[in-house]
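A.B. asks: Here it is: the structure, laid out below.
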Amino acid sequence: MSRPADDPASLLPVLDAALRPSKWDDYVGQKQIKANVRIAIDAAKKRGGMPEHILFYGPPGVGKTTLAYLVAATLESPLKSTSGVAIERAGDLAAILTNLEPNTVLFIDEIHRLSHKIEELLYPALESGHLDIILGKGPSARTVELALPPFTLVGATTRIASLSGPLRSRFGGGTYQLDFYGDDDLRDIIRRSAELLGLDAPADVIESIAARSRATPRVANALLKRVRDFSEVHERPLSAALTEEACKLFGIDELGLTKDDRRYLEMLLTSFHGGPAGVRALASALHEDPDTIENVYEPYLLRLGLIERSLRGRILTDKGRAYLQS
Ligand SMILES: Nc1ncnc2c1ncn2[C@@H]1O[C@H](COP(=O)(O)OP(=O)(O)O)[C@@H](O)[C@H]1O
Ligand SMILES: [Mg+2]
């Protein structure tokens, strides 16, 4: 569906891109990661080469993709972006690698989704910059070594545990865990975004949005925009009261939890007597994908201490029970 050019909604993708930091100084928090990555980049630049391959992991929306962009920008390298799901066959990977411009940053998002076969093909490319291509079939088949242009792989994943050991060991430039953000950092991110969006956001509004952002920059930005919309539609200025009213309408509570989170907690309490419940059983009861349960819902519930993971499954904590009663 196309929108008329003067429809403000047609600007939304532009605004989204505008909120993504394009300079290191605008990338809030994660100090140690920034420092380490920048050293690897600066050293490589001094040598006139490319840095070793880098892996970022952590929950969705905490800035992994943004870091990949920053790495490419700092190196003044082209960025080729793809994902583990998109590279299905050996030919897909070969096509990507052989078509890279020299000194490209190759970003593979959700890299844990690469199949075993593709991983194996990737190893020589990562280690010594060549690809083993098999020509022909049967007894006359032979392997040809194809030299690749220099590149740096930046991988990102929400599931480090699903990455094979051999693949993990290929990230000589470092493996970095991005974690949830503290309130100070979240407030900085929201303040910056509000400024970019031309909003006059008082401190208590920023505070209130930060508290409901699941410690996640992407959620913070999305919530800020939804509250902005609410304020525009009702022609009322941004205030803490308005933010609370808007969030109530959105079904987001003081902790940033939504009806999906509450459904999860209630299911754990009622159908599984507070646990332990296996993730598969929970997922099927909730008609959800176990992957989503494990990597989207649970990390924040764990952080809040509402659930615990044990060997036998998920357990609702006392805090979790108290939350459901409140
Ligand atoms: N450290 C940060 N500082 C400022 N904004 C951030 C930061 N991390 C993420 N963001 C914002 O959150 C959005 C989502 O980040 P993204 O890099 O896409 O997360 P991920 O790839 O980990 O899912 C970005 O577009 C950006 O606007
Ligand atoms: Mg991403």
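The values are calculated or read from the model by the stated rules, or taken from the named source; none is laboratory data. Everything quoted here is computed from the prediction, not taken from an experiment. Cβ coordinates were reconstructed from backbone atoms using ideal geometry, including for glycine residues, and neighbour counts include every protein chain displayed. The accessibility values were calculated without ligands, DNA or RNA, using every heavy atom of the protein model including side chains. Shrake-Rupley method; radii C 1.70, N 1.55, O 1.52, S 1.80 Å.
A.B. asks: Go through region 85-112 and report how many residues are under 30 Å from LYS31 (Cβ atoms) and away from ligand 2 (no atom under 12 Å from the Cβ).
C.D. replies: 5
A.B. asks: Looking at region 48-77, which of the residues that are among the hydrophobic types (A, V, I, L, M, F, W, C) and more than 9 Å from ligand 1 (Cβ to nearest atom) is most open to solvent (accessible area, probe 1.4 Å)?
C.D. replies: ALA73
A.B. asks: Please find, among THR74, THR82, THR65, the residue that is away from ligand 2 (no atom under 16 Å from the Cβ), among the β-branched types (Val, Ile, Thr) and either in a loop (DSSP other than H, G, I, E, B) or within 27 Å of ALA220 (Cα to Cα) (or both).
C.D. replies: THR74
A.B. asks: Could you please let me know if ASP291 is at pLDDT below 95 and either within 18 Å of LEU186 (Cβ to Cβ) or part of a helix (DSSP H, G or I) (or both)?
C.D. replies: The answer is yes for ASP291.
A.B. asks: Let me ask something additional. Tell me, which residue of region 166-182 that is touching a Ser or Thr at 6+ places or on another chain (Cβ under 9 Å) and open to solvent by 20 Å² or more (accessible area, probe 1.4 Å) is nearest to ligand 2 (Cβ to nearest atom)?
C.D. replies: PHE180
A.B. asks: Could you list, in sequence order, the residues of region 202-227 that are open to solvent by less than 10 Å² (accessible area, probe 1.4 Å) and either among the acidic types (Asp, Glu) or in contact with a Leu (Cβ under 6 Å, 6 or more places away or on another chain) (or both)?
C.D. replies: VAL205, ILE209, ALA210, SER213, ALA220
A.B. asks: Any chance you could count how many residues in region 42-62 are of a type in the set (Gly, Ala, Ser), within 16 Å of ligand 2 (Cβ to nearest atom) and outside any loop (DSSP other than H, G, I, E, B)?
C.D. replies: 0
A.B. asks: Here is a list: LEU106, LEU131, LEU100. Which entry is more than 14 Å from ligand 1 (Cβ to nearest atom), out of contact with any Cys (no Cβ under 7 Å at 6 or more places or on another chain), at pLDDT 95 or above and open to solvent by less than 10 Å² (accessible area, probe 1.4 Å)? Let's see the steps before the verdict.
C.D. replies: Details: LEU131 fails: at pLDDT 95 or above; LEU100 fails: open to solvent by less than 10 Å² (accessible area, probe 1.4 Å).
Answer to the selection: LEU106.
A.B. asks: Next question. Name the one entry in GLY138, GLY129 that is closer than 18 Å to ARG170 by Cα and without any contact (Cβ under 8 Å) to a residue 60 or more places away in the chain.
C.D. replies: Numbers: GLY138 fails: closer than 18 Å to ARG170 by Cα.
Matching residue, one of GLY138, GLY129: GLY129.
A.B. asks: So, in region 233-251, of the ones that are within 20 Å of ARG192 (Cβ to Cβ) and part of a helix (DSSP H, G or I), which residue ends up most open to solvent (accessible area, probe 1.4 Å)?
C.D. replies: By that ranking, first place goes to ALA240.
A.B. asks: Does region 252-279 hold any residues that are open to solvent by less than 50 Å² (accessible area, probe 1.4 Å) and assigned to a helix (DSSP H, G or I), and which are they?
C.D. replies: Of everything in region 252-279, those that are open to solvent by less than 50 Å² (accessible area, probe 1.4 Å) and assigned to a helix (DSSP H, G or I) turn out to be ASP261, TYR264, LEU265, MET267, LEU268, VAL279.
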